[in-house]
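One structure below.
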């Protein structure tokens with residue numbers, strides 16, 4: 001499942017040229033893999049600026065202190081622009097040229113997010129990662145780890161949550177059905193962004209779909225794309241269509257996640273959906289006033305982890321696994337959670353009490369059952385066709 005960065009459109013295409021030039025010098029197939037493997041780990045990230053800063057300023061320096069025998073060479077593909085070509089296509093070219101390794105040891109994404117040549121899969125390009133190789137994987141909830149099928153390590157995450165004005169809402173809804181009832185009873189005080197323009201809206205709609213599916217059918221979504229499992233979705237469209245007149249401005253859906261936070265900050269609406277990291281960051285920076293609170297429903301809204309993987313052509317796979325195990329250590333996970341206001345990859349029970357307190361009720365977790373991918377495309381297309389009034 002793609003994380004929020006994959007749901008939101010990429011608009012900085014001009015950066016692809018600069019990124020390509022930056023990456024190409026470090027990505028060329030190496031001729032001296034044995035020598036490089038003793039000390040160098042090549043790590044490429046596709047995160048946003050805040051994620052890159054976290055690595056450059058905190059996590060990599062921490063790793064260098066703990067493991068001085070390694071040098072981490074860090075490359076950033078900002079927002080993952082052109083990552084298919086820069087990563088998978090380059091590995092394909094290296095394979096076709098008979099190269100045994102490339103200067104890419106750790107890659108910040110799930111191998112399942114890419115298209116591979118005919119007859120090939122992610123298993124031909126990336127290594128399986130197990131507790132034997134990376135002991136701290138045992139600290140990750142298996143449901144969080146599952147979407148990468150053992151070929152990626154979940155090291156951070158984000159989830160959709162409910163943000164509400166505590167001055168206007170003394171007791172927030174605890175379930176999705178209670179949330180729908182609250183919206184009906186408080187017309188104009190809630191909205192969600194268009195699903196195609198932001199994951200917080202996408203996952204609000206996914207929760208509606210979950211509410212009309214049997215538990216077995218919902219679980220089957222993760223087993224592969226099957227449009228037959230969408231047979232009950234019209235019930236969700238009917239629920240959401242009936243909700244439209246009770247939303248802000250009789251069915252206004254802002255463009256993007258941030259637009260919903262802006263409406264909340266201005267007091268225009270009393271409640272809305274928001275990503276956990278964006279909401280916590282807005283509170284920390286004072287963009288959202290302190291009386292805005294965040295909570296999670298039961299069952300929770302969907303969320304998704306960000307993964308790290310190790311290519312089969314990695315020139316230093318042993319060093320890569322040491323690096324990944326370090327990133328999953330409780331001390332570094334706590335730094336990740338605080339620095340980027342995101343869920344840790346490992347379970348909260350392994351983190352300091354102060355970090356758990358910082359996340360409050362949303363530390364209860366998130367739904368890992370929504371598969372995204374082609375189902376997201378169907379959700380967005382069918383929602384647009386069946387729900388909005390205009």
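Values quoted throughout were computed directly from the atomic coordinates according to the rules given, and no laboratory measurement underlies them. Computed from a prediction, not measured in an experiment: that's the story for all the values here. As a convention, Cβ positions derive from the backbone with ideal geometry for all residues, glycine included, and neighbour counts pool all protein chains shown.
Some notes on this structure:
- Anisotropy class of region 138-281 from Cα gyration tensor, a/c 1.5 cut: oblate
- Based on Cα contacts under 8 Å between residues 6+ apart, the chain shows a relative contact order of 27 percent.
- Per residue of the chain, the DSSP helices (runs of n ≥ 4 H) give a summed -39500 (n - 2.57) that works out to -10500 deg cm²/dmol at 222 nm.
- Cα-Cα separations in region 118-207 greater than 23 Å, expressed as whole percent: 51
- Our summary of shape: the Cα atoms of the chain have principal axis extents of 68, 46, 40 Å, ordered from largest down, in whole angstrom.
- Legend: calculated FRET efficiency, residue 89 to residue 53, from the Cβ-Cβ distance at R0 = 30 Å, rounded to 0.05, equals 0.60.
- Overall dimensions of region 271-387 by Cα: Rg and Dmax, Å: 17.5, 51
- Separation between Cα centres of region 265-308 and region 131-193, rounded to whole Å: 10
- Gyration tensor (alpha-carbon) shape descriptor, region 320-382, a/c threshold 1.5: oblate
- Across region 332-371, the residues whose backbone nitrogen lies under 11 Å from the label position 7 Å along the beta-carbon direction of residue 222 are 367-371.
- Residue exposure sequence - 101, 276 - by fewest surrounding Cβ within 10 Å: 101, 276
- GNM flexibility winner over the chain from 51, 102, 115 (Cα, springs under 10 Å): 115
- Put a dot 7 Å past the Cα of residue 250, heading toward its Cβ, do the same for residue 181, and the two dots end up 2.8 nm apart.
- Region 78-174: relative contact order in percent, alpha carbon pairs under 8 Å with at least 6 residues between: 22
- By other beta-carbon atoms within 10 Å, ranking 338, 205 with the fewest at the front produces 338, 205.
- Exposure proxy shown here: for 232, 293, the number of other Cβ atoms within 10 Å sets the order, fewest to most, as 232, 293.
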